[in-house]
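Read the structure below first, then the notes.
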Amino acid sequence: GTVHSLVLTNKGTIYRWGNSSNGQCHDIEQINIPTNSKTIKIAAEGFESFALTKKGTLYRWDELRKKITPIHVGLHPKFEKMT
């Protein structure tokens, strides 16, 4: 992201940190996605972050509001084989 970073562990745990200029997390903090499906991909862009679960649910959160919102999308069969 613009002023924050994410890392995804092999176990599917997400951690984030930032420079805290606009309320982002300064210290390393674990992100808890409200799902029982493993997180397989993450992305950070601007002040937003995204996490894709193995079941195909995309979650989005804003680094300022920190509200995690599911965006339900189905994976194309071609991409399901990659996970």
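The values are calculated or read from the model by the stated rules, or taken from the named source; none is laboratory data. These figures come from a predicted structure and were not determined experimentally. With ideal geometry, Cβ positions are generated from the backbone for all residues, glycine too; neighbour counts draw on all protein chains shown. When the accessible area is computed, the model is the full protein with side chains, heavy atoms only, and any ligands, DNA or RNA have been set aside. Shrake-Rupley method; radii C 1.70, N 1.55, O 1.52, S 1.80 Å.
So in the range 7-20, with the set limited to residues that are open to solvent by 70 Å² or more (accessible area, probe 1.4 Å), of a type outside the set (D, E, K, R) and in a loop (DSSP other than H, G, I, E, B), which one is modelled with the lowest pLDDT?
Ranking the qualifying residues of the range 7-20, first place goes to N19.
Which residues, taken from the range 53-76, are among the basic types (K, R) and either at pLDDT below 80 or touching a His at 6+ places or on another chain (Cβ under 6 Å) (or both)?
Answer for the range 53-76, where residues must be among the basic types (K, R) and either at pLDDT below 80 or touching a His at 6+ places or on another chain (Cβ under 6 Å) (or both): R65, K66, K67.
Of the numbered conditions (1) modelled with pLDDT of 65 or more; (2) among the aromatic types (F, W, Y); (3) not in a strand (DSSP E or B), F79 satisfies every one except a single condition; which is it?
(1)
Residues are listed down the side, and each one gets a yes or a no for (1) at pLDDT 90 or above; (2) of a type in the set (V, I, T); (3) not in a strand (DSSP E or B):
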residue	(1), (2), (3)
S5	no, no, no
D27	no, no, yes
N36	no, no, yes
A51	yes, no, no
